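The values are calculated or read from the model by the stated rules, or taken from the named source; none is laboratory data. Please read these numbers as outputs of a predicted model, since none were measured by experiment. All Cβ positions, glycine included, derive from the backbone under ideal geometry; neighbour counts span all protein chains shown. Surface areas here come from the heavy atoms of the whole protein model, side chains and all, with no ligands, DNA or RNA. Shrake-Rupley method; radii C 1.70, N 1.55, O 1.52, S 1.80 Å.
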Amino acid sequence: MSEPLVLGIESSCDETGVGIVRGRKLLTNTVSSSMDEHVRFGGVVPEVASRAHVQAIGPAIASACETAEVELSDIDAVAVTAGPGLSGALMVGVGAAKGLAAALNKPLYGVNHLAAHVAVDLVAEDIDGLTTPTIALLVSGGHTEILRIGDVVDDIELLGATIDDAAGEAFDKTARLLGLNYPGGPNISKAALGLLDGTGIPGDRNAVKFPRGLAKKQDLRDPERRYNFSFSGLKTAALREVTKAETLGADLRVADIAAGFEDAVVDVLVTKTLLAAADTGINHVVLGGGVAANTHLREVLAERCAEAGVTLRVPPLKLCTDNGAMVAALGAELVSRGIGPSDLSFAAVSSLDVDHVLV
């Protein structure tokens, strides 16, 4: 089937996404976010996210079909994120997809969330397909990974990942520490630019010396640490600065801490990504995940990729964050290649390995 009509469901975290693609043409990308429900908690609460998915999944499917001008009976296959992600949230999406596939008597593909982030370029309207091989840097509230992508279906290798907090999670925790609202990433960026203290004066990125986790020379020489990340020490360093200022009664400029923190995260992400590119001889990098919205990350990554002679691809931001289009895109690719569907007995796997593209 060269141009299968595939409906994709994404529910790994706090966004209920439904996308529909025909072959490599994106027909609709419907997203319902429960972010506002998590603000008072300072981060995503799994149970709250799961309940929000239950409420949103039906209307999202109906809205997607209406926008794409297709009937559910027209669908050739259903794809759904099987993992990794929050267990309860994943189960809502998987359960809905199983029920839909069974009711329509259509094949079901349980796919890998991380592989789907890369596969979204198969249907992105601003580019002609996915470039491989590539190094993928995926950065979000739940994931921070460097992947080597030879083929989005059967040649994906995890090169490095965080050993503690994901980058987005570190942003959220540090924002809460600084008295900033969730989501932490956008608010730390605003604070770093001096947009939250009424001055409009950007923070000094060198005012506070934040550590670069796992980025010392001995770390970069160690194969077990070379591409891995650690962001928990940054949160501790920020806490230390806040505590010191409160103890001494000194003026604390949140913009300086926010700017230094953001720069430390970005520096490590970019450094290790380009190390992976150099070591593998791959001169192409793709950026994905919610933290791709961070302007400082995009600017520094673009600048340093250009210096290294590496091309950089950043999909449209609506396709970087969690969405159903990426799941449908990967599902359509599997169908087009004649790969058989998942067994309906498969379960959601919160810690699904990246090389398991299809469960």
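A few points about this structure:
- Note on the range 142-190: residues that are free of Cβ contacts under 8 Å to residues at least 40 places away in the same chain and closer than 14 Å to Val268 by Cβ amount to 0.
- Matching residues, the range 6-22, being open to solvent by 10 Å² or more (accessible area, probe 1.4 Å) and either touching a Gly at 6+ places or on another chain (Cβ under 6 Å) or of a type outside the set (Asp, Glu) (or both): Cys13, Arg22
- Residue within the range 316-323 that is surrounded by fewer than 23 Cβ atoms within 10 Å (Cβ to Cβ), at pLDDT below 95 and among the hydrophobic types (A, V, I, L, M, F, W, C) present: yes
- At least 2 residues being within 21 Å of Ile149 (Cβ to Cβ) and in contact with a strand residue (DSSP E or B) (Cβ under 9 Å, 6 or more places away or on another chain) is the threshold, and among the helices (runs of 4 or more DSSP H) wholly inside the range 203-301 those reaching it are 254-280.
- Failed condition for Ser73, given (1) among the small types (Gly, Ala, Ser); (2) surrounded by fewer than 20 Cβ atoms within 10 Å (Cβ to Cβ); (3) part of a helix (DSSP H, G or I); (4) under 17 Å from the mean Cα position of the chain (by Cα): (4)
- Qualifying residue in the range 343-357 (condition: assigned to a helix (DSSP H, G or I) and open to solvent by 20 Å² or more (accessible area, probe 1.4 Å)): no
- Residue check, Ser2 assigned to a loop (DSSP other than H, G, I, E, B) and open to solvent by 10 Å² or more (accessible area, probe 1.4 Å): yes
- From Ser12, Ser33, residue being in contact with an Asp or Glu (Cβ under 8 Å, 6 or more places away or on another chain), without any contact (Cβ under 8 Å) to a residue 24 or more places away in the chain and of a type in the set (S, T, N, Q): Ser33
- Evaluation of Pro133 against the conditions (1) surrounded by fewer than 22 Cβ atoms within 10 Å (Cβ to Cβ); (2) modelled with pLDDT under 95 shows that the sole unmet condition is (2).
- Residue list for the range 36-47, restricted to those being under 20 Å from Asn187 (Cβ atoms) and either part of a loop (DSSP other than H, G, I, E, B) or open to solvent by 10 Å² or more (accessible area, probe 1.4 Å) (or both): Asp36, Glu37, Val39, Arg40, Phe41, Gly42, Gly43, Val44, Val45
- Taken together, Gly85, Gly95, Gly99 contain a single residue that is at positive phi, of a type in the set (Gly, Ala, Ser), modelled with pLDDT of 95 or more and open to solvent by 10 Å² or more (accessible area, probe 1.4 Å), which is Gly85.
- Hits in the range 242-263 (condition: under 16 Å from Pro202 (Cβ atoms) and either touching a Pro at 6+ places or on another chain (Cβ under 9 Å) or not hydrophobic (A, V, I, L, M, F, W, C) (or both)): Arg253, Ala255, Asp256, Ala259, Gly260, Glu262, Asp263
- Hits in the range 1-17 - residues which are among the aliphatic types (A, V, I, L, M) and over 15 Å from Leu90 (Cβ atoms): Met1, Leu5, Val6, Leu7
- Candidate set from the range 283-315 (those that are among the polar types (S, T, N, Q) and open to solvent by 60 Å² or more (accessible area, probe 1.4 Å)); member that is nearest to Pro186 (Cα to Cα): Thr295
- Taking the criterion of being among the hydrophobic types (A, V, I, L, M, F, W, C) and under 21 Å from Thr28 (Cβ atoms), the residues of the range 119-141 that qualify are Ala119, Val120, Leu122, Val123, Ala124, Ile127, Leu130.
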